[in-house]
Amino acid sequence: MRMEKRKLDLLVSVVVFCLMALVPVFVKSAYWLGVLVVALYFSLAAMGWNLLGGFTGQFSIAPATFCMIGMYTSAMLVHYLHWSPVAGILMSIVATAIVGLLLGWVCLRLRGPYLALTTIGFAEIVRGLIRFSYDITRGDLGLSVPKLFGGGGHVTYFYTFLGVVVLVQLLLYFLIRSRVGLYLQSIRDDDVAASGRGVNVVGWKTLAFTLSSLICGLSGGLYVHFIGLASPETGLIIQSGLIIGMAVIGGMGTLTGPLIGGLLLQPLSELVREFGVQHMLIFSLLIILAIRFWREGLYGSFRKVLARVS
Amino acid sequence: MDVLITGIIMGTFYALLALGLSLIFGCLKVVNFAHGEFFMIGAYVYALIALKVGMNPFLVLIWVVAFGLIIGLIVERLLMRPLYQKYTEWGAMRDEYAIIVTFGLSLFLINLANQIFGPYPISGPGLMPMKERVLLGNILMMSSHRLIAFCVGAGVLIVAFVLVRYSPWGKIIQAVSQNRFGASIAGINSTKVSSIVFALSSALAGLAGALLCPIFSAEPFVGALPAVKSFVIVVLGGMGSVPGSILGAYLLGVLEQFGAVYISYTYRDTFGFVILILFLVFRPQGLFGEKAREV
């Protein structure tokens with residue numbers, strides 16, 4: 001039964017990816033393609049958070065911080081040591097994996113509200129360090145970095161981001177379907193029972209932390225070479241709220257939910273912005289309503305409808 | 001010496017916030033991530049009523065408290081209630097609901113204020129004319145608003161502390177926070193207690209916001225910093241411990257001022273978080289925390 005569910009997830013993801021791949025054929029405006037690239041960045045970060053929050057049940061409030069660490073790692077390597085952006089992105093994966101491992105190790109004993117508080121503290125410390133180390137990071141001014149493709153238009157970026165998201169989604173699919181995925185979900189559902197059945201709770205939790213941070217770092221590394229500027233703004237707690245919100249509204253603990261959440265909500269918030277309403281206002285209201293009345297999220301509802309039809 | 005006094009004054013306002021947060025954590029076992037936004041609402045209510053209606057600032061404070069109580073009741077009713085009514089159904093999902101819903105509420109209130117009042121800071125009038133200064137024992141010059149605000153804050157704090165600690169109602173609150181299930185067996189309506197506690201905490205946070213309004217000005221993000229400070233304090237003093245949170249507040253207020261003066265001003269706010277993480281990792285029960293009694 002569970003196998004069926006994940007296969008359906010994969011199938012829907014593939015459909016979404018195919019639709020996305022066709023988008024540049026119809027959407028010619030550079031602005032909207034740019035919006036979609038940002039949406040893919042958020043999807044990727046939400047997928048990363050979902051691995052930790054949705055599947056393992058560890059509530060980190062710092063996904064945007066890992067994105068920011070990824071951004072600054074790559075930005076500083078490229079800016080000061082003149083590395084190529086690709087090498088910078090690879091290093092940002094390594095750096096966030098290490099930081100994620102450390103944070104995971106620190107947070108091993110903590111859960112629930114304590115974990116959330118620790119990650120908030122962590123997020124603010126990192127942001128403070130980056131903001132106030134003017135001589136290295138140029139503080140609030142931000143660090144400008146070269147783009148990934150010198151002359152390429154937004155279409156090139158779009159397909160690059162899409163390719164990375166497809167790759168990560170495939171890896172997550174195999175991870176969640178594997179034994180490890182079951183371990184992670186058993187930790188979420190009841191960690192005491194899980195360790196009683198011989199699951200190495202400590203080890204798998206740390207692994208989930210590392211992988212989740214790594215995915216966020218990857219998204220940050222990619223993003224910085226699209227936007228061309230690394231700024232401490234990207235590590236604000238509100239940004240983490242956006243990422244978590246996308247995962248929650250899309251459907252926590254499903255493979256496809258965060259993907260759909262990011263892809264729908266980011267363009268939607270751009271649309272709302274055109275009407276002069278604060279997009280965060282609508283967004284936060286959606287988060288509250290979703291968690292209160294509609295826990296399965298967009299994708300969960302879709303799955304239910306599908307089950308009824310078939 | 002004046003550093004110490006400034007620290008103690010700030011500590012009083014932190015204590016108003018942290019006391020509420022601690023009570024909520026005690027009764028509901030929830031960290032209210034929207035606590036800073038209650039502070040912000042208090043600041044706005046104070047500034048707007050005092051400026052638009054031109055009422056005596058002391059009377060406005062009563063309105064602030066009333067408004068805080070109402071907001072607290074509404075929020076508890078709409079968003080917190082499922083926490084204990086669906087307790088058994090949800091099990092492990094409970095924490096994640098609490099975190100996300102209060103976090104979402106915080107974002108919502110910030111952006112609502114931004115939408116309605118715009119991002120511009122609104123400064124309220126002082127309780128005393130702001131220019132007026134008083135001299136305290138030849139050592140320290142301070143604005144008389146600060147002094148009066150400190151007295152009001154400290155007075156409310158003492159009353160709240162005595163009520164929670166020694167009055168029969170306070171005993172009920174303590175019972176619920178020690179063991180919710182046990183308290184309801186003893187005939188205490190723990191749902192009602194929780195909603196009262198939530199409303200009170202919201203009112204205390206609003207009062208702190210109103211008292212600091214002439215100094216910090218009301219703006220959408222004004223609550224963020226006091227909120228994270230009160231998280232640090234609550235962890236420092238031990239989650240859910242009332243005397244711990246008050247002592248923690250003074251400790252942080254004083255330490256912060258000394259840190260700012262003698263170590264580094266720019267990293268002032270970062271110190272707090274370092275303390276937070278160190279405590280969470282090495283001494284999660286805080287300075288005065290006690291383990292909750294299980295059924």
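Of the residues A:V86, A:V23, A:V15, which single one is free of Cβ contacts under 8 Å to residues at least 24 places away in the same chain, out of contact with any helix residue (DSSP H, G or I) (no Cβ under 6 Å at 6 or more places or on another chain), assigned to a helix (DSSP H, G or I) and among the aliphatic types (A, V, I, L, M)? Steps first, answer last, please.
Numbers: A:V86 fails: free of Cβ contacts under 8 Å to residues at least 24 places away in the same chain; A:V23 fails: free of Cβ contacts under 8 Å to residues at least 24 places away in the same chain.
Result of the check over A:V86, A:V23, A:V15: A:V15.
Among the residues of region B:31-49, write down those that are within 11 Å of another protein chain (Cβ to nearest Cβ) and aliphatic (A, V, I, L, M).
B:V31, B:A34
Mind listing just one residue for me: the one in region B:216-267 that is among the polar types (S, T, N, Q) and within 13 Å of another protein chain (Cβ to nearest Cβ) and, of those, surrounded by the most Cβ atoms within 10 Å (Cβ to Cβ)?
Checking each candidate, the answer is B:S230.
Which one of these does A:G220 not meet: (1) modelled with pLDDT of 85 or more; (2) within 14 Å of another protein chain (Cβ to nearest Cβ)?
A:G220 satisfies all of (1) modelled with pLDDT of 85 or more; (2) within 14 Å of another protein chain (Cβ to nearest Cβ) except (2).
Looking at region B:7-30, can you tell me whether even one residue there is of a type in the set (S, T, Y) and within 14 Å of chain A (Cβ to nearest Cβ)?
yes
Can A:V166 be described as closer than 19 Å to A:N50 by Cβ and touching a helix residue (DSSP H, G or I) at 6+ places or on another chain (Cβ under 9 Å)?
Against the criterion (closer than 19 Å to A:N50 by Cβ and touching a helix residue (DSSP H, G or I) at 6+ places or on another chain (Cβ under 9 Å)), A:V166 qualifies.
Being out of contact with any Ser or Thr (no Cβ under 6 Å at 6 or more places or on another chain) and either in a loop (DSSP other than H, G, I, E, B) or touching a residue at least 60 places away in the same chain (Cβ under 8 Å) (or both) is the requirement here; does B:G170 meet it?
no
Tell me which residues, restricted to region B:17-44, are within 14 Å of B:P220 (Cβ to Cβ), in a helix (DSSP H, G or I) and out of contact with any strand residue (DSSP E or B) (no Cβ under 8 Å at 6 or more places or on another chain).
Selection gives B:G36, B:E37, B:F38, B:F39, B:I41, B:G42.
When only residues in region A:259-281 that are away from chain B (no Cβ under 14 Å) and either small (G, A, S) or surrounded by 20 or more Cβ atoms within 10 Å (Cβ to Cβ) (or both) count, which is farthest from A:M71 (Cα to Cα)? Reasoning before the result, please.
Within region A:259-281, the subset away from chain B (no Cβ under 14 Å) is A:259-260, A:262-264, A:266-268, A:270-271, A:274.
This time we only want the ones that are either small (G, A, S) or surrounded by 20 or more Cβ atoms within 10 Å (Cβ to Cβ) (or both), so: A:259-260, A:262-263, A:266.
On the way: A:L259: 21, A:I260: 24, A:G262: 19, A:L263: 21, A:Q266: 20 Å.
This residue is A:I260.
For (1) assigned to a helix (DSSP H, G or I); (2) in contact with a His (Cβ under 7 Å, 6 or more places away or on another chain); (3) not aromatic (F, W, Y), each residue gets a yes or a no:
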| position | (1), (2), (3) |
| --- | --- |
| A:G54 | yes, no, yes |
| A:G70 | yes, no, yes |
| A:Y80 | yes, no, no |
| A:L90 | yes, no, yes |
| A:I93 | yes, no, yes |
| A:A97 | yes, no, yes |
| A:L103 | yes, no, yes |
| A:R111 | no, no, yes |
| A:Y114 | yes, no, no |
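Can you name the residue in region B:99-119 that is more than 7 Å from every other protein chain (Cβ to nearest Cβ) and at pLDDT 80 or above and, of all such residues, is surrounded by the fewest Cβ atoms within 10 Å (Cβ to Cβ)?
Checking each candidate, the answer is B:I116.
What single numbered condition from (1) farther than 19 Å from B:K29 by Cα; (2) in a helix (DSSP H, G or I) fails to hold for B:F221?
Here B:F221 clears every test but (2).
Which residue out of A:G104, A:G139, A:G88 is more than 9 Å from chain B (Cβ to nearest Cβ), modelled with pLDDT of 80 or more and either surrounded by fewer than 20 Cβ atoms within 10 Å (Cβ to Cβ) or more than 30 Å from A:V192 (Cβ to Cβ) (or both)?
When all the criteria are applied, what remains is A:G88.
The values are calculated or read from the model by the stated rules, or taken from the named source; none is laboratory data. Given the structure is predicted, the values throughout are model-derived calculations rather than measurements. Using ideal geometry, Cβ is built from the backbone for each residue, glycine included, and neighbour counts are taken over all protein chains shown.
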